[in-house]
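Taken together, the values in this text are just the output of simple stated rules run on the coordinates, not laboratory data. On a predicted model such as this, the values are computed, not experimentally measured, just so you know. Using ideal geometry, Cβ is built from the backbone for each residue, glycine included, and neighbour counts are taken over all protein chains shown.
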Amino acid sequence: MQRLLISFLSLLISCTAFAQGNVLRGPSIKAHLPKTEVAKVDLVKVDKSKRRMYLVSQGEVIKEYRIALGKSPRGHKQQEGDQRTPEGRYYLDDIMPSSQFYRSMSISYPNLRDKLRAQAEGVDPGGEIKVHGLKDGYDGDPQFIQSFDWTNGCIALTNQEMDEFLSLVRIGTPIEIEW
């Protein structure tokens with residue numbers, strides 16, 4: 001009789017625990033995670049000397065990327081073809097629907113100051129500076145290609161990082177590029 005009572009109580013406890021999800025499944029993992037919202041990136045900072053890009057939200061760096069730059073990265077872009085990445089404050093102004101790179105977001109270079117300087121020097125300031133992924137068709141190691149500067153003045157991320165970048169950064173976000 002005592003065995004029957006113990007079996008019945010065990011069955012009752014098991015059914016109750018199962019219904020609450022505490023025995024077979026355990027507690028929900030979500031119950032232990034804090035509720036978070038995606039941070040609003042309000043500034044992108046690029047340190048050319050360190051080959052780093054920082055996504056900033058309310059003064060706090062929330063993400064850091066290793067980047068590749070133009071083949072002649074030191075100094076401000078002066079003219080078309082100099083393979084330099086511009087320096088200064090610009091804006092991320094458009095997501096490019098197609099290009100020769102995996103996804104891209106354009107930078108508002110040249111700005112008025114760049115155009116006036118180039119005009120005074122009698123040169124073309126260049127343009128089409130972007131944050132982009134790897135070149136279409138590249139099938140090598142993304143970490144290898146990011147270990148040296150290979151663009152014509154753009155800022156390059158891996159394709160996976162570019163997907164993340166586009167999910168966090170909105171059109172109109174300022175970008176500050178410095179050495």
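Cα-based radius of gyration for segment 71-110, normalised by 2.2 N^0.38 Å, reads 1.27. Taken along the Cα-to-beta-carbon direction at a fixed 7 Å, the label points for Met96 and Ser57 span 2.8 nm. Fully extending the segment from His76 to Lys50 would add 7.8 nm, taking 0.36 nm per residue of separation and subtracting the current Cα-Cα distance.
Largest first, the three principal axis extents of the alpha carbons in segment 115-179 are 43, 26, 23 Å in whole numbers. Debye-formula intensities of segment 43-178, expressed as log10 I(q)/I(0) at q = 0.14 Å⁻¹, are -0.59 (one equal scatterer per alpha-carbon, no solvent). In this structure, the amide hydrogen of Ser104, modeled 1.01 Å from its nitrogen in the peptide plane, lies closer than 5 angstrom to those of Met96, counting only residues at least 5 positions away or on a different chain. Shape summary: segment 87-139 maps onto an equivalent ellipsoid whose semi-axes, from the alpha-carbon gyration tensor, are 26, 12, 8 Å in decreasing order. Apply 1/(1 + (r/R0)^6) to the Cβ-Cβ distance of Arg117 and Gln143, taking R0 = 45 Å, and write down the FRET efficiency to the nearest 0.05. According to the calculation, E is roughly 0.80. Residues whose amide H lies under 5 Å from that of Thr173, counting only those 5 or more places away or on a different chain, are Leu92; hydrogens are built 1.01 Å from N in the peptide plane.
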